[in-house]
Amino acid sequence: MTMTKRALVLGATAAAVTAVTITGAGIHLNKGQAFFRESPKEIVDEVWQVIDRNYVDGTFNQVDWKAARSQYLARNYANKEEAYKAIREMLKPLGDQYTRFMDPTEFKNMQIDTSGELTGVGIQLAADEKTKKLTVVAPIEGSPASSAGILAKDIIAQIDGKSTEGMDVNQAVNLIRGAAGTQVKLTVVRGNQQLDFPLKRAKIEIHPVRYSVKPSPTGNVGYIRLVQFSANAAPEMRNAIQNLEKQGVSGYILDLRSNPGGLLYASVDIARMWLQSGGIVSTVDRKGISEKESANNRALTTKPLVVLVDGGSASASEILSGALQDNRRATIVGTKTFGKGLVQSVRGLGDGSGLAVTIAKYLTPNGRDINKNGIAPDVVFDLNDQQRQVLVQDRDKIGTTEDPQYAKALQVLNQRISGKDTTRAESK
C-alpha cells in the first residue's frame with residue numbers, strides 16, 4: 001500500500017467542521033456523471049467495487065459481499081436519493097462507522113479548503129462504539145463550540161430540538177453545519193446533566209500550532225500546542241521548533257490534548273522533527289502488506305520532551321505520541337487517548353458524491369494496535385470537572401501553571417532536564 005499524501009486520512013470522525021483535506025481519487029467525473037444519468041445503479045456498483053477492492057477486512061465483517069452486489073443491483077432505483085439510501089444500507093453490515101458514503105453535499109462539506117478557514121461551530125463528532133450515541137471527540141480550540149463550553153465526551157442529544165436517536169454522524173453534521181452568522185442549538189448530555197448550547201456558526205481561522213517560551217526552575221522551556229494535523233501543521237511545527245531552538249530553550253512540552261487527528265503524512269513529518277532514528281508507524285492492509293515509515297536522521301532537536309494527551313487525542317495524535325513513546329523519546333503525561341487506529345482513503349465518486357473507506361490499520365513502532373485501546377500515558381494525571389470548567393471558561397489558562405496537567409508535565413520535564421526522571425517512556 002502506498003502512503004499517498006493526499007488520500008490517507010486519520011481523523012477520528014466525520015465532523016461538523018474538520019481539518020483534513022480530502023481529494024478525489026481515480027474517478028473521471030464527466031464519465032461518471034454520464035453513467036449516473038443513465039442509471040442510478042452505476043453509483044451503487046461503483047461503491048461496491050471500491051469496497052470490494054480496498055476494504056481492510058477481507059471477510060467484510062462475515063458479510064457475503066458478492067451476494068450483496070447481486071441483491072442491490074437487482075433493485076430498480078427511481079432516482080439518486082433511492083440509490084444513496086441503498087448504498088448506506090449496503091455498507092451498514094460492515095459494522096464500521098468510519099467507512100461511510102457521502103452524498104454530494106456531504107462530500108463537499110468534507111472538501112474543506114486547506115487555507116485553514118473553516119465554517120461551522122467547531123466540533124468533532126463520532127458515534128460511540130458501544131452506545132452508538134453521537135459523541136463529541138473534541139471541540140476545536142477557539143471555535144464557537146469551544147467558547148460556549150462544549151467538552152470532549154459530551155453526548156449530542158438534540159440538534160435544534162430534533163432528537164439524534166438513531167441519527168448517523170453525517171446526518172448530524174448536515175444539521176449542525178450552515179452559513180456563518182446563523183444559529184443552531186445543541187442539547188448535550190454530560191453525566192446526569194442535560195445542557196443547552198445556543199451557538200452562532202462562524203468562519204473559524206485555524207492555525208494548528210501555537211507556541212511560546214515558558215519559565216521553569218531548570219531554565220526556559222518551549223511550549224507547543226498542536227490542535228490538529230491539517231495540511232499546514234508540519235510547516236508551522238517546523239517553524240515553532242526552529243524559533244524556540246534559537247531562543248535556547250532547555251526542553252519542550254508538546255500539547256496534543258483534544259487533538260482529533262487529521263492527515264497521515266502530517267503526523268509522520270512531525271514525528272521526524274523530534275526523532276533522529278527509529279520507526280514511526282506501520283500500516284497493514286487486509287493482505288498483510290505492511291508499509292513502514294521511519295525517522296530520517298533530520299531531527300530538529302534532541303532536547304527533553306514531554307507530551308500531553310487526553311481522551312480527545314485521536315488517530316494522528318496517537319501515531320505521534322505512540323512513536324515518541326516506543327522510541328523512548330518522550331514521556332507521555334495525561335489520560336488514555338481515544339483509540340482510533342484505522343486509516344481511511346477518501347475518494348470522489350462519479351456523480352460528485354464521496355466514499356470514505358477503511359483500508360488499513362496502523363501499528364506503533366513496537367507493533368501495538370491501539371484501535372479501541374488508545375495510548376496509555378507514562379504518567380497518568382486527570383482533571384476533575386471543576387478544573388476542566390475553569391479551563392473552558394478561561395482558555396488563556398491552558399498551558400500555564402493554572403492548568404494542572406501542564407503543571408504536571410512541567411514537573412516531569414524538569415526532572416528529565418535535571419537527570420532525575422524516573423518515568424522515562426516505556427512500551428505499554
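Nothing in this text is a laboratory measurement; each read-out follows from the coordinates by a stated rule. Note that the structure is predicted; figures quoted are calculated from it, not measured. Because the Cβ atoms are built from the backbone with ideal geometry, glycine has one as well, and the counts that use them run over all protein chains shown.
With N denoting the number of residues in the stretch 230-377, provide Rg(C-alpha) divided by 2.2 N^0.38 Å, to two decimal places.
So the Cα radius of gyration is 1.06 times the expected 2.2 N^0.38 Å.
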- line: With label points set 7 Å from each Cα along the Cα-to-Cβ direction at residue 420 and residue 183, the distance between them in nm comes to 5.6
task: Determine the gain in length on full extension of the stretch residue 168-residue 246; use 0.36 nm per residue of separation and subtract their C-alpha separation, reporting nm with one decimal.
output: 23.3 nm
field: Listed residues 130, 185, 162, most fluctuating in the chain (Gaussian network, C-alpha, under 10 Å)
entry: 130
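Can you compute the charge dipole magnitude of the chain about its Cα centre, using +1 on each Lys and Arg Cβ and -1 on each Asp and Glu Cβ, nothing else charged? Give it in debye, rounded to the nearest 20. Intermediate values should be presented prior to the final figure.
Working: 54 positive and 45 negative charges, 113 e Å.
Here the size comes out at about 540 debye.
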Kirkwood hydrodynamic radius of the stretch 313-428, from inverse mean 1/r over distinct Cα pairs, in Å: 16.2
message: Helix check for the chain. Which DSSP H runs span at least 18 Å along their own axis by Cα, with a mean Kyte-Doolittle hydropathy no less than -0.5?
response: 404-417
task: Would you calculate a helix-derived [θ] at 222 nm for the chain, using -39,500 (n - 2.57) for each DSSP H run of n ≥ 4 and dividing by the full residue count, to the nearest 500?
output: -8500 deg cm²/dmol
- prompt: Which residue, 70, 39, 315, has the most motion in a Gaussian network model of the chain that connects Cα atoms within less than 10 Å?
  reply: 70
- request: Before anything else, pin down the relative contact order of the stretch 117-204: Cα pairs under 8 Å, at least 6 apart, normalised by residue count, whole percent.
  value: 33
field: Coordinate range along principal axes, alpha carbons of the chain, Å, largest first
entry: 72, 47, 35
message: Could you identify which residue out of 127, 407, 240 has the top mean-square fluctuation in a GNM of the chain using Cα springs shorter than 10 Å?
response: 407
task: Please order 101, 338, 60, 229 by the number of other Cβ within 10 Å, starting at the fewest.
output: 60, 101, 338, 229
message: Per residue of the stretch 348-362, what does 6.51 cos²θ - 1.76 cosθ + 1.60 with θ = phi - 60° give for ³J(HN,Hα)? Whole Hz please, x for Gly and Pro, Karplus curve as stated.
response: x, 9, x, 9, x, 7, x, 9, 9, 10, 6, 10, 6, 10, 10
task: Please order 358, 131, 337 by the number of other Cβ within 10 Å, starting at the fewest.
output: 131, 358, 337
statement: Cross-link reach from residue 361 to lysines, straight Cα distance under 17 Å and at least 8 residues apart if same chain, gives 5, 287, 292, 340, 372
statement: Phi-derived 3J(HN,Hα) across the stretch 133-149 with the Karplus relation (6.51, -1.76, 1.60, θ = phi - 60°), rounded Hz, x for Gly and Pro, is 6, 5, 10, 6, 6, 6, x, 6, 4, x, 8, x, 5, 5, 5, 6, x
query: When a footprinting reagent is the concern and you count Cβ atoms within 10 Å, what order do 332, 43 take, fewest first?
result: 43, 332
- line: Excluding residues fewer than 8 positions from residue 162 in its own chain, the lysines with Cα under 18 Å of it are 132, 133, 185, 200
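Multiply the residue separation of residue 297 and residue 105 by 0.36 nm, subtract the distance between their alpha-carbon atoms, and state the gained length in nm to one decimal. If you can, show how the numbers build up before the last one.
Values: separation 192, 0.36 × 192 = 69.12 nm, distance 4.35 nm.
Fully extending the segment from residue 297 to residue 105 adds 64.8 nm.
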- line: The lysines whose Cα lies under 24 Å from the Cα of residue 246, excluding any fewer than 8 residues away in the same chain, are 214, 303
task: Please tell me the relative contact order of the chain in percent, rounded to the nearest whole number, where contacts are Cα pairs under 8 Å and at least six residues apart.
output: 19
message: If I histogram all Cα-Cα distances within the stretch 117-204 using bins 10 Å wide from 0, what percent of pairs lands in each bin?
response: 19, 58, 22, 1
